[in-house]
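Everything below concerns the one structure shown next.
Read-outs: derived from the displayed coordinates by stated rules, not from any lab. Quantities reported herein were computed from a predicted structural model and do not represent experimental measurements. Cβ placement follows ideal geometry from the backbone for every residue including glycine, while neighbour counts extend to all protein chains displayed.
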Amino acid sequence: MAHSVRRDAPELPDFSLLKRLARDQLIYLLEQLPGRKDLFIEADLMSPLDRIANVTTLKQHDVDKLYKVEHKPIVSTSDQMVRGCFLYPLTNWFLFPDVVNADKYYVILSVYFDISYSYFDVTTDEWSFYLLPLDDDIISLELPEFFRDYFLEGDQRWVRTAGSALHLLHSVYGPFSKVYGIGRCSKMAYESWREQVEEGEQRARQAEIGNVFLIDRDVDLVTPLCSQVVYEGLVDDIFRIKCGCVEFCPDVTSSDKSIKVMLNSQDKVFNEIRNEHFSQVFGFLSQKARNLQTAYDKRSGMNIKQMKTFVSEELKGLKQEHRLLSLHIGASESMMKKKTKQDFQELLKTEHSLLEGFEIRECISYIEEHINRQVSMVESMRLLCLLSLTENGLLPKDYRSLKAQFLQSYGIEHLLTFSNLKQLGLLVEQQPGETLTVMESRVGKLVNDKTAGKLTDAFSSLAKKSNFRALGRRLNLVPKSDEEYDLRVPRDMAYIFSGAYIPLSCKLIEQVLERDGWTGLEEVTRMLNGHEFAVTAGSNGSDARVKTDSQRIILVMFLGGCTFSEISALRFLGREKGIKFIVVTTAITNSARLLESMLDNHA
Amino acid sequence: MMRGKPDEDDYWNSSKFKAFTFDDEDDDFTRLKESKRAVNSIRSLVEEEDEEDDVEKVSWSGEPVGSISWSVKETESSIRSTGEVRDQSFPKIHTAPSLPKNSSGYSLSSLFKGKAKTGSFQSFSESFGDPSIRNYAPELRKPKSEYKDYVSDWTPEETVKRMQQGKVYSLEKFRSLQDKLLLLDEAVNAHDGNVITAVLIYLKKSLSKEILFRELITREIALRHYIHYLKEIGEQKLLVELFKSMDRTEDMALMQYRDHLNVRDENKRRDFLKNCLSFPFSPDDATHVQDHYTLLERQIIIEANDKQVESSGQADIFKKYPRKASILNMPIITTLYYSCFYHYGESDGTFSSPANIRKTFRISDKQFLLTCLGARAKLKAWFDVDALFTTKNWLGYTKKRSPIGFHRIVDILQKNNAPVQVLQDYVNLVEDVEQKISLAQKYKCHDVIINTYRDLKDRQQLIVYRGKVEKGSSEYRKIEEILSNSQLRWKN
């Protein structure tokens, strides 16, 4: 679709290599238990495993049967003997108190048990499978639990995993020349990686990735809580994309069964609409449908020879396209229906008002009614968190009343959820006196800043006393609302939120890359709680290779997850600047996943 | 083409956001439908040529044949039939005392559950309990080669490094408190959560809890790891003690309250909640917990009563609308809805009456109205709905009032399939004229539209509207009548 594309964007490195590495290691480990054996796989690992190996590969290496590890007795085909390998995540590593090693993601337990001799033998090995390429430019650590573990519980069990992931990328696609980052966890991950680099040996090679940007999810919690309106994000919000794969319900497929579809750049139709604002998708799809019709219609006037060429050359492609097209049309239609039902329009309006800091009372009564009517619990919680994040906390009276109503509508046990949200800072009460401190610090700063205009601006903003607001102004995150925003020709990253908001995370990345560091962003980092850094890799002075393509390939690592909308925004930014972004994330997230991980209402 | 609500239009027009709506009637949607039709019409063409399609297998089918998930499902179904018998033949490893009991889905012992008859395993499981061997992980052996460089006097730094690298290590040599703390601090410095927790497990085993707690107070990061670890292995008691020793009483109270989720039996759960009332919650939370207890107590009474009434077939309402689920453990608002549905009109004195629930749980007017409206509308009790809004003033005139906008009321009624006659009464009450007309158009309340245009003296709009209604219908005739009324002074 119509974008101002810079032609000279560099090629992305080939990440299928990562899959091959993981597969080769798996095979090597399987062969440590010679002979025929069964493979027991932990449920969460099945989808990722499917992405790197298939049954044929496993069979070739003497794997007999595959089982899912469940919380029940294991039944082998043989009465007398179990020979098998268990693929087990290290998440609950404390079961192996002596195999403490976060570095390795999965454990292989080789088990040999023979009942007739009562002989039992178990050995362990670690399979370092922690990077799964989901697409040409997305690599996932498939660690959805990262967010809760680190940001809520304060458990650093995944920090070294993140460091090792960087280490692996660095040794395969590096050496990186510069690393920027913000956030406590980013800093630790960087440290861990640096140590691993020092431990290992270095090889001189041609770098394929130039710079790296690390960012903690809690630097920007607003963005993942916004409703996604870019196609891929919307599909994820509604149907939930899992491991790059989505299951479309019968409603979409207009048949009686649901089908699983891989969503990535291989899907030509999807590839063209994934980054588009939803409102632009229909136009595109109907144009496509028309073209398809024309292509098929060509047949009518053909002679036998032409028909033959048509069938052999074009038909397959057309059929494929037809299938894809009808699928995405079905999905769009189904999403439209769902969104119409729940007054999406009004919901978006409320969100945009919150982002703009406009008519907050109206927003609160909208949220209140949302709660009162017992509409989706997670959605109510999302709005409450957005309110708190954008307003720097709720007024005590609002907090109390909204919390009480929430508990009435969705169950009192959510007291526990509220305590989690508070702990993480997603939903908090304004502390009395906070106003004063904010005022003091701001005024104190402004004394040096003699511009009168800025002073009044600051004073009017004092009423709002929010870091988000201040950040928004500082970084121009919320474009002026008196201009039309043409979604057909997006002019900035705000298009991913209908022109209402530029995601803070992506804006930071843009700014830091532009400035080649954090200089000039001191006030911003102060409001974000600091922990920013920019390091140039020691020996490999960057000046020599500034011109090479690799310098225009930037790896962005999100610790705690990132959304498809953010990926779309970065792709947009990349097109504008003639660079390519590779997103490495602990998991793909969205508002629902993020908030569900905060729930504590189950035993 | 008419679009949704006028207030939204205002918004979209006044701001930069390009109007983009999800309304059915919108252009885009129609366009989409058209493309769908177009594509579907091609389908027949495609399918007739669709004899053998290899595209399907590669990139399409739900679980591509040959995928791992598919294969696992295959094995599952094939063993289901024989599974029961085989259970017997597989021995069990006794849960070793040192392996923490936990509620998580992963545990080694859980993998090997089954009925063991052989006593010979005793010796194996006993070895779990022996701490001196356990640290070299005999049950989960590492390849022997890794033991080669084993020496026993590593510094804390070296030990942590070895732990991170997955090499063999020993913590036993850290005997004095000072050594142990040095080790812990070194682990924290290494930013590796797993190492931190591993060290904490060792400290937990080898230090008295008083000392460990005391040392953790000044070590925030280690403390959080410890708390998380205790949570995961379900050592509730110790956790409570920890919070207590640190004066984190609210955390302690919530932690204990959390346990009610594990109590399945409703009477026991009620008693548990009652017990919670004495915990040191924050004042607000204390109220909520009190509510929780009161709520469950009432639900138990209501449930017992209604179950009996329902099965005896005494009350029509239960016959007509059999209960789909028990009311136990439902939120307050759901309970109120239930009460408005099954117990409407009961006197305030009964626990199950809406008025009583409203009062007990301090439900706001707005909330009460919304819930009540939903329940009565569901039952199509339009008279009750009417009564909800009717107020009498001192002169005896009646007037409809609502704490929420009438456009909302219309919306709720419409979602409950209220007939046009009912709907239009409420559409009429919408104050904003624009909004009124757009709602009336959405729900086809012709009278409202016609009367409004008449009152606005808007002849043009009325003529336009005449074109939209069916010729000869009563609406049509009504418009004709008004248009031909020479008494009216039109503004256009």
Note the full-extension length gain between A:VAL535 and A:LYS316 as 0.36 nm times their separation in residues minus their Cα-Cα distance, in nm to one decimal.
73.7 nm
Which residues in region B:206-231 have a backbone N closer than 13 Å to a point placed 7 Å from the Cα of B:LYS244 along the Cα-to-Cβ line?
B:210
Residues meeting the amide H criterion for A:ILE259 (H placed from the backbone, H to H distance under 5 Å, 5 or more places apart or on another chain) are A:PHE248
Between A:GLN32 and B:LYS324, the two model label points (7 Å from Cα along the beta-carbon direction) sit apart by a distance in nm of 5.2
So which GluC sites (Glu not before Pro) in region B:419-492 end up in coil per DSSP with only 14 or fewer other C-beta atoms within 10 Å?
B:GLU431, B:GLU470
Among the GluC sites (Glu not before Pro) within region A:228-277, which fall in a DSSP loop and have no more than 10 other Cβ atoms within 10 Å of their own Cβ?
none
How well do other chains shield peptide B:242-255, expressed as the mean number of their Cβ atoms within 10 Å of each residue Cβ?
1
Give the separation of the Cα centroids, region A:568-603 to region A:211-243, in Å.
3
The size of the Cβ-based charge dipole (Lys, Arg +1; Asp, Glu -1) of region A:295-376 about the Cα centre, to the nearest 20 debye, is 900
Rel. contact order, % - alpha carbon contacts under 8 angstrom, at least six apart, region A:544-593:
48
Give, in nm to one decimal, the length gained when the segment between A:GLU483 and A:ALA9 is fully stretched (0.36 nm per residue of separation minus the Cα-Cα distance).
167.6 nm
Would you pull out the residues with amide H under 5 Å of A:THR548's amide H, same chain only if 5 or more places away, H placed 1.01 Å from N?
none
Any residue on another chain or 5+ positions along whose placed amide H is under 5 Å from the amide H of A:ILE139 is listed here as A:LEU134, A:VAL583, A:VAL584, A:THR585
Peptides ranked, highest mean first, by Cβ atoms within 10 Å: ranges B:334-345, A:16-27:
B:334-345, A:16-27
Simple spin-label estimate for A:LYS242/A:ASN476, 7 Å along Cα→Cβ, in nm, reads 4.3
Along region A:218-229, what does the Karplus equation 6.51 cos²θ - 1.76 cosθ + 1.60 (θ = phi - 60°) give for ³J(HN,Hα), rounded to whole Hz, x for Gly and Pro?
6, 5, 9, 9, 5, 3, x, 8, 7, 4, 8, 10
If you filter region A:126-197 for chymotrypsin sites (Phe, Trp or Tyr not before Pro), then keep DSSP loop positions with at most 14 other Cβ within 10 Å, what is left?
none
